[in-house]
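Structure record follows, encoded as structure tokens.
Readers should treat all values here as calculations from the given coordinates under stated rules, not as data from a laboratory. Computed from a prediction, not measured in an experiment: that's the story for all the values here. Here the Cβ positions follow ideal geometry from the backbone for every residue, glycine too, while neighbour counts run over all protein chains shown.
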Amino acid sequence: MSETVKFTIDGKECAGTKGQCIVDAATDNGIYIPVLCHMRDVVPAGSCRICTVNVNGRKMAACTTPVEDGMVVENNTPELTDIRKAIVEMLFVEGNHFCPACEKSGNCDLQGLGYKYQMMVPRFPYAFERRDIDATTPKIYLERNRCIFCKRCVRMIKDSEGRSIFAFKGRGKTLQINIDRKLAATMSDELAQKAMDICPVGCILKKEVGFKDPIGSRKYDKKPIGSDIENIHQ
Amino acid sequence: MKEKIISIVESYGKDAYRLMDILSCVQSEFGCVSVEAVGVIAEQLHISEVDVIQTRSFYHFYTCRPVGKYAVYLNNSVVSCMMGMADVADEFEKQLGISFGESTPDALASLHYTACIGMSDQEPAAIINDVVFTSLTRDKVKNIIAGMRAGKAVAEMVTEYGDGNNANPLIKAMVKNNIKKTGPVIFDAHQTGAGLAKALGMEPKSVIGEIKESNLRGRGGAGFPTGLKWDFCSRESGDKYVLCNADEGEPGTFKDRVLMTERSEMLFEGMAIGGYAIGAKEGILYVRKEYKYLKAFLENTLKEMYGKNLLGKNILGKGIDFDIRIQFGAGAYVCGEESGLIESCEGKRGEPRNRPPFPAQKGYKSKPSIVNNVETFCSVARILDKGGAWHNALGTKESSGTKVISVSGDCKAPGIYEIQWGMSIQEMLDMVGAEDVQAVQVAGPSGICLPPSQFDRKIALEDLPTGGSMIVIGKKRDLIKDVVLNFMDFFADESCGSCVTCRSFNMILKKAIEKVVEGNAIKKDLENMLAWSEILRKTTRCGLGQTSSNPVATTISNFRELYDARVHDQDYHSEFDMHKAVLESCEVVGREPKVHE
């Protein structure tokens, strides 16, 4: 049986299992910590930084930090809220995001967080980077304008022999998401659908199925992002 | 081509962990790693093409398109620019009739800029096909180009050799050591193997005890206690690795280059001692590609040490085995971060890892590993010979021993100085003959830009920690334009891009500095820059992002008057310039519009 550890988040007594990351432990205790790159049971990337919390007074990514006995976590402070809002704004100015025309609108985690943090006008200047779309593979459109480099596809979408279908290319300002044309040609419909589903934004799109959910029945149309977690124990 | 690439991949045992070596061989064989080459490598290693591309595209010495027969990589870091890089670049462009970033139509030469190549005491400097050219002038450039046109081998264009081992037949480089001050730990005479012999006569635990007693702290800049790091790693079981970080990429640092030239035996000895202490049988020296010219020499040092039974099987008859191999990087600053270095050794993008787990628990190939700096390992060899207490008596209470610093910039005697920790910046400036100093950039771009009012501060881990870079900036320099902007450009280029904040903020801060330089910034922009620097510092995974806002933050704090003189004291200032915006169309129609101011 795995060892139980006790810790607090914003003063609330919580329990988790040893080795579990703060995000997952918080979710189990009905506390929502925003994430864009993290997914339960997948090796954490620690790249979007939006889950930044105070751990015993230090800023840490909640998806890569395991819970420990007696840990004091702060998730809801004005400073953290501002940092998270800044990260959302930064992602909006870095890519080219036009929500009204996006297939993922209403189902998009980035858009959901934009609403949650009440982003109006980003404080940063727009980058207006030119990013090319890759539509050369049979099942997937890679809409790079919307990529936020969460690495979910890089970590989770592999071919039958475990080879990567998605990977980063370049670094820093030239970073982009890349799709392997040979291996992508072998993707099943299910795998292409999974790739689209795990993408937190509208970068990976399955061909021939745009705008499937009508407005009103999309993921975040009626309840804000994170509310399902916060309601678990209520 | 295919057969050649297959034989290269096979020479590395079709091992995807050796992708860096495979790509390096393909790059030097064909002048690029083409789309076709990527396909063959991926097929042979049985990995996807995008995984080959992710590594190739991360390092700037691997290229997709062919470089020229002579590929010129000119250093455009701060010190190079200060020493006249612009003239040298202009002469290269003029002589070849191309711009930087281009190749000549006949594929004879290509021109590229590159970040600091570790020659800051002899700038401007460039690397052409792994051969280093220092102290370049317009005349020297003309000679080099004449040599290219005559079809000379690059090595033949080097006619004078530097001092010490630089003149060794295996190096034959024009690079100078410029060792201006020697000290008791690093540059004093050392009997190779003396430290190792003593270590092997002790229990591994006692070796770590000796290092702990010496109070040696990491010489790469972070200052983590070496004994503690080794202690953590020694407690783990199974295969382990010793990694030496010789990827000194911090602009203004060049001491590891000199240590590898003059103290390579001491370095390998220190690595072997580390292996014995933690229980590792294998070591890797990770050297930045810029120092490829030392390859044959370093390999020969290893061979000699194997010959003396200081490495290899049954070292000195004590039943201990330890092997060392050399791994070259390919141009990525972030690989100087220890977990980025490990990723690179494994043939991947040099993206720093999340912690925990720490390398001491899960490092190279997920096995417990220690990563230490070149100078740290050299110190280890000395400490085992002379004793921990001897070392601890040197320097200050918290920073024991000596520090090798690399001094460059506006001073009379740039070079290498082995100083006692605790020296003040003013004492250092007097030592190197620096007058009319505006600022000292301590510990490179990731460190602090120090104003004269703070020159009484001490070079010590408890006050001004440094991996060794000291750039003296004279009063004649435009601090914001020549230094801060160059540094931010560097960080925007070198960020691995994985953390949102590091990828974006370095770009945003660079643009904000550009705005100041162009005279379009307002006071509020300065406050924003400070606030944004703070967010960046707090929300990134590794040291790069945690320190990359320092050029901006420390100069706004320490040189506020320079900024105030350049920003508008108003709430709004339009960056829009009507004249500039219509310039092109005015040229076409041949008349100027009437602009109402």
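Extending each Cα 7 Å along its Cβ direction at A:Ala15 and B:Glu160, get the distance between those two points in nm, one decimal.
If labels sit at A:Ala15 and B:Glu160, their model points lie 7.8 nm apart.
How large is Rg/Rh for the protein assembly as shown, to two decimals, with Cα atoms and a Kirkwood Rh?
Looking at the protein assembly as shown, the ratio lands at 0.96.
Describe numerically, in nm with one decimal, the distance between label points set 7 Å from Cα along Cα→Cβ at B:Asp569 and at B:Gln191.
7.1
Roughly how many Å is it from the Cα centre of the stretch B:203-277 to that of the stretch B:493-572, as a whole number?
Using only Cα atoms, the two centres lie 35 Å from each other.
Between B:Lys152 and B:Cys64, what FRET efficiency follows from the Cβ-Cβ distance if R0 is 35 Å, with the result rounded to 0.05?
FRET efficiency, B:Lys152 to B:Cys64: 0.80.
Under a straight-distance cross-link criterion of Cα-Cα below 19 Å, which aspartates and glutamates are reachable from A:Lys212, leaving out those fewer than 8 residues away in the same chain?
The reachable aspartates and glutamates, counting only those whose Cα sits under 19 Å from A:Lys212, are A:Glu103, A:Asp109, A:Glu143, A:Asp189, A:Glu190, A:Asp197, A:Asp221.
What does the highest-first list of B:46-55, B:519-528 look like by mean Cβ count within 10 Å?
For the peptides B:46-55, B:519-528, the packing ranking is B:46-55, B:519-528.
Roughly what angle does helix B:485-494 make with the longest principal axis of chain B, taking Cα atoms, 0 to 90 degrees, to the nearest 10?
For helix B:485-494, the angle is close to 60 degrees.
About the Cα centre of chain B, what is the dipole size in debye to 20, counting +1 per Lys and Arg Cβ and -1 per Asp and Glu Cβ, all else neutral?
Computed charge dipole of chain B: roughly 1300 debye.
What residue among A:Phe149, A:Ser2, A:Asn231 has its Cα farthest toward the positive end of the dipole of chain A, where the charges are +1 on Lys, Arg and -1 on Asp, Glu, each on the Cβ?
Sorting the options by dipole projection puts first A:Phe149.
Using mean Cβ contacts within 10 Å as the protection proxy, how do B:583-589, B:102-108, B:490-496 order, highest first?
Top of the packing list down: B:490-496, B:102-108, B:583-589.
Which entries of B:Lys240/B:Lys292; B:Lys229/B:Lys367; B:Lys205/B:Lys365; A:Lys222/B:Lys538 have Cα-Cα distances beyond 23 Å here?
The pairs that break the limit, which is 23 Å between Cα atoms, are B:Lys240/B:Lys292; B:Lys205/B:Lys365; A:Lys222/B:Lys538.
Could you work out [θ]222 nm for chain A from helices alone, using -39500 (n - 2.57) per DSSP H run of at least four and dividing by all its residues? Round to the nearest 500 deg cm²/dmol. Don't skip to the end; give the middle numbers.
Working: 7 runs with 55 residues, N = 234.
Result for chain A, helices only: -6000 deg cm²/dmol.
Rounded, prolate or oblate: which one fits the stretch A:56-106, using the alpha carbon gyration tensor with axes a ≥ b ≥ c (rounded when a/c is under 1.5, else prolate when a/b beats b/c, else oblate)?
Prolate.
How would you rank B:Val131, B:Val35, going from fewest to most other Cβ atoms within 10 Å of each one's own Cβ?
Ranking B:Val131, B:Val35 by Cβ neighbours within 10 Å, fewest first, gives B:Val35, B:Val131.
Give me the inter-chain shielding for A:123-133: mean count of other chain Cβ atoms within 10 Å, whole number please.
2
Test of understanding: ordering B:His579, B:His190 by Cβ neighbours within 10 Å, fewest first, what list do you get?
B:His579, B:His190
Output the pairs from B:Lys2/B:Lys313; B:Lys313/B:Lys362; A:Lys151/B:Lys511; A:Lys85/B:Lys362 with a Cα-Cα distance over 31 Å in this structure; if there are none, say none. Present the calculation step by step, with values, prior to reporting the outcome.
Details: B:Lys2/B:Lys313 37 Å; B:Lys313/B:Lys362 26 Å; A:Lys151/B:Lys511 27 Å; A:Lys85/B:Lys362 34 Å.
From B:Lys2/B:Lys313; B:Lys313/B:Lys362; A:Lys151/B:Lys511; A:Lys85/B:Lys362, over 31 Å: B:Lys2/B:Lys313; A:Lys85/B:Lys362.
Shape verdict for the stretch B:320-419, please, from the Cα gyration tensor: rounded (a/c under 1.5), prolate (a/b greater than b/c) or oblate. Can you show the working numbers first?
Working: a/c = 2.10, a/b = 1.35, b/c = 1.55.
Since a/c reaches 1.5 but b/c is at least a/b, the shape of the stretch B:320-419 is classed as oblate.
Among rounded, prolate and oblate, which fits the stretch B:470-583 when a ≥ b ≥ c are the square roots of the eigenvalues of its C-alpha gyration tensor, a/c under 1.5 means rounded, and a/b larger than b/c means prolate?
The shape class here is prolate.
Computed over the Cα atoms of the stretch B:2-54, what is the convex hull's projected area averaged over all directions, in nm²? Write out the running numbers ahead of the final one.
Working: hull surface 11.9 nm².
Seen from a random direction, the Cα hull of the stretch B:2-54 projects 3.0 nm² on average.
So between B:Glu527 and B:Ala389, what do we pick up on full extension, going 0.36 nm a residue minus the alpha carbon distance?
That works out to 44.8 nm of additional length.
At what distance in nm do the modelled label points of A:Lys158 and A:Ala135 sit from each other, each positioned 7 Å from its Cα along Cα→Cβ?
For A:Lys158 paired with A:Ala135, the spin-label model returns 3.2 nm.
Calculate how steeply helix A:78-94 sits against the longest principal axis of the alpha-carbon atoms of chain A, using the helix alpha-carbon long axis, and give the answer as 0 to 90 degrees to the nearest 10.
Orientation of helix A:78-94: about 10 degrees from the principal axis.
What's the extension gain from B:Asn309 to B:Asn143 if we count 0.36 nm per residue and subtract their Cα-Cα distance?
Between B:Asn309 and B:Asn143, full extension yields an extra 55.2 nm.
If the convex hull of the alpha-carbon atoms of chain A is projected onto planes in all directions, what is the mean projected area in square nanometres?
With every direction weighted equally, the projected area is 14.3 nm².
Can you list the cysteines of chain A that have no other Cys Cβ under 4.7 Å away?
Result for chain A is A:Cys14, A:Cys21, A:Cys51, A:Cys63, A:Cys99, A:Cys102, A:Cys108, A:Cys153, A:Cys199, no neighbouring Cys Cβ within the cutoff.
Would you calculate a helix-derived [θ] at 222 nm for chain B, using -39,500 (n - 2.57) for each DSSP H run of n ≥ 4 and dividing by the full residue count, to the nearest 500?
-11500 deg cm²/dmol
So what are the stretch B:530-597's ellipsoid semi-axes, whole angstrom, largest first, if each one is the square root of 5 times an eigenvalue of the alpha-carbon gyration tensor?
Square roots of five times the eigenvalues give 39, 17, 10 Å.
Kindly work out what percent of the DSSP beta bridges joining two residues of the protein assembly as shown are antiparallel, to the nearest 5. The partial results should precede the final answer.
Details: 47 of 79 bridges.
So the antiparallel bridges amount to about 60 percent of the total.
With 10 angstrom as the radius, rank B:Cys64, A:Cys150, B:Cys502 by how many other C-beta atoms surround their C-beta, starting from the fewest.
Values: B:Cys64 13, A:Cys150 27, B:Cys502 30.
Lowest to highest Cβ neighbour count: B:Cys64, A:Cys150, B:Cys502.
Given charges of +1 on the Cβ of Lys and Arg and -1 on the Cβ of Asp and Glu, with all other atoms neutral, how large is the dipole of the stretch B:387-512 about its Cα centre, in debye to the nearest 20? Write out the running numbers ahead of the final one.
Values: 12 positive and 15 negative charges, 60 e Å.
With Lys and Arg at +1 and Asp and Glu at -1, about 280 debye.
If you place +1 on the Cβ of every Lys and Arg, -1 on the Cβ of every Asp and Glu, and leave all else neutral, what size is the dipole of the protein assembly as shown about its Cα centre, to the nearest 20 Debye? Don't skip to the end; give the middle numbers.
On the way: 105 positive and 109 negative charges, 236 e Å.
Around 1140 debye, computed over the protein assembly as shown.
Considering only DSSP beta bridges whose two residues both sit in the stretch B:405-474, what percent are antiparallel, to the nearest 5?
75
Just round it to a whole percent: the fraction of Cα-Cα distances in the stretch A:85-206 exceeding 17 Å.
Values: 4136 of 7381 pairs.
When all Cα pairs of the stretch A:85-206 are counted, 56 percent exceed 17 Å.
Could you work out the mean count of beta carbons from other protein chains within 10 Å of each residue's beta carbon in A:46-53?
6
In terms of Cα to Cα distance under 18 Å, which aspartates and glutamates are near enough to B:Lys523, apart from those fewer than 8 places away along the same chain?
B:Glu514, B:Glu534, B:Glu561, B:Asp564, B:Asp569, B:Asp571, B:Glu575
Within the stretch B:514-538, name every residue whose backbone N is under 16 Å away from a label modeled 7 Å from Cα of B:Glu592 along the Cβ vector.
Inside the label zone: nothing.
In peptide B:510-517, what is the residue-averaged number of other protein chain Cβ atoms found within 10 Å of each Cβ?
1
Run the numbers for B:Ala296 and B:Lys4: contour at 0.36 nm per residue of separation, minus the present Cα-Cα distance, in nm. Mind showing how you got there, number by number?
Details: separation 292, 0.36 × 292 = 105.12 nm, distance 2.28 nm.
Length gained between B:Ala296 and B:Lys4: 102.8 nm.
Ranked highest first by the average count of other Cβ atoms within 10 Å around their residues, in what order do B:12-19, A:163-170 fall?
The most tightly packed comes first, giving A:163-170, B:12-19.
Which one, B:Leu485, B:Leu461, B:Gly317, is farthest towards the positive end of the dipole of the protein assembly as shown when Lys and Arg carry +1 and Asp and Glu -1 on their Cβ?
It is B:Gly317.
What is the Cα radius of gyration of chain B over 2.2 N^0.38 Å, N being its residue count?
Taking the Cα Rg and dividing by 2.2 N^0.38 Å, one obtains 0.99.
Would you mind calculating the relative contact order of chain B from Cα pairs under 8 angstrom and at least 6 residues apart, reporting the percent as a whole number?
13
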